[in-house]
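Each remark here refers to the structure printed beneath this line.
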Amino acid sequence: MIDAKLSFEDYVSLALVNFSRLKKMGESPLAYHRYESTSSPAMVIGSAVHAAVLEPDTYADSVAVYDGAVRRGKAWEAFATANHGKMILNQREADTVGAMVDAVRGNSDAMKLIDGAQVELSVTWDHDGRACKGRVDALKMIGDESDPRYIIVDLKTTQDVSPRGFARTVANYHYHGQLAFYSDGLHSNGVQCVGHAIIAVQNSHPFDCAVYDLHDIVPQGRWQYQQWLEKLAWCEKYDLWPGVQGDDGQLVLELPKWAETPSAWRDGEEEDWT
């Protein structure tokens, strides 16, 4: 089912597998089993950017700006109560959101993907007997009604929008797997996705924005999330939720390449700097 009117609160209440929790299987089954949804100031800013970019007509009604110095005390409590259900930002955060929104609107490729697109679509589907859900940021139709094809678009806030930096972010947070997950959910509902894009907007100065085509790496993400679903089925079958170490005994730690010492030092030899 595809529902463009389902509120985010109602979407969250659906007891189905979503990608934010599923990717915890990449850490460990225990991390999935004990998953708890959390919020942070950075996540609130990200939600505000989404609302301002994708649903600008209702943005003003969904956000409140608090001009106090700290989020405590009677003044804060009164403000929070009066604005219950809204995203509350301080002035600095509101300025950051404004700069990020301007960056997206100033990128013509980003706006081509957003203008006229369906936004904030709640999608539910069955994957080999597993009930799943996803919240698609934007779905842009290309072609015409006689041959409807779509580009699935995700809006991401990030520290680094450079190709090298954002590639690391995509790998760390499995954004290509998320696009594959959503794309397969749409396909189950009869929607053909022929493109997969991310609009990456920087959350600090200089507030840059870049659009990335992830279509070629989506198959890798699909393989990964399907592996997690298979592992999840096994854990549920045997009611076993191992942590990172599992039953394999002590783990051997290897340093990342950038942190390794020269091979001569590792072998007990002195490095010749002359």
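Annotation for region 22-30: no member residue is at pLDDT below 90, surrounded by fewer than 18 Cβ atoms within 10 Å (Cβ to Cβ) and under 16 Å from the mean Cα position of the chain (by Cα). Take Ser108 and tell me if it is among the polar types (S, T, N, Q) and farther than 27 Å from Ser20 by Cα. Considered against the rule, which asks whether it is among the polar types (S, T, N, Q) and farther than 27 Å from Ser20 by Cα, Ser108 comes out as yes. Looking across region 125-150, the residues that are out of contact with any helix residue (DSSP H, G or I) (no Cβ under 9 Å at 6 or more places or on another chain) and assigned to a strand (DSSP E or B) come down to Ala131, Met141, Ile142, Arg149. Only residues that are of a type in the set (A, V, I, L, M, F, W, C), touching a strand residue (DSSP E or B) at 6+ places or on another chain (Cβ under 6 Å) and not in a strand (DSSP E or B) were counted in region 1-44, giving 6.
Do the conditions hold for Gln227, that is, is it surrounded by fewer than 17 Cβ atoms within 10 Å (Cβ to Cβ), at pLDDT 95 or above and within 30 Å of Ile45 (Cα to Cα)? Judged against the criteria, Gln227 is not a match. Every listed requirement among (1) closer than 20 Å to Tyr173 by Cβ; (2) part of a strand (DSSP E or B); (3) of a type in the set (Ser, Thr, Tyr) is met by Ser47 save one, (2). Can Ser122 be described as under 30 Å from Lys237 (Cα atoms), outside any helix (DSSP H, G or I), at pLDDT 95 or above and among the polar types (S, T, N, Q)? Spelling it out, Ser122 is indeed under 30 Å from Lys237 (Cα atoms), outside any helix (DSSP H, G or I), at pLDDT 95 or above and among the polar types (S, T, N, Q). Among the residues of region 119-161, just one is among the polar types (S, T, N, Q), surrounded by fewer than 17 Cβ atoms within 10 Å (Cβ to Cβ) and in contact with a strand residue (DSSP E or B) (Cβ under 8 Å, 6 or more places away or on another chain), namely Gln159.
Consider region 64-118 and keep the residues that are hydrophobic (A, V, I, L, M, F, W, C) and not in a helix (DSSP H, G or I). The one that is farthest from Arg135 (Cα to Cα) is Ala69.
Being at pLDDT below 90 and in contact with a helix residue (DSSP H, G or I) (Cβ under 9 Å, 6 or more places away or on another chain) is a description that applies to Arg71.
The values are calculated or read from the model by the stated rules, or taken from the named source; none is laboratory data. Everything numeric here is computed off the predicted structure, so don't read it as measured data. Note that we place each Cβ from the backbone using ideal geometry, even for glycine, and neighbour counts take in every protein chain shown.
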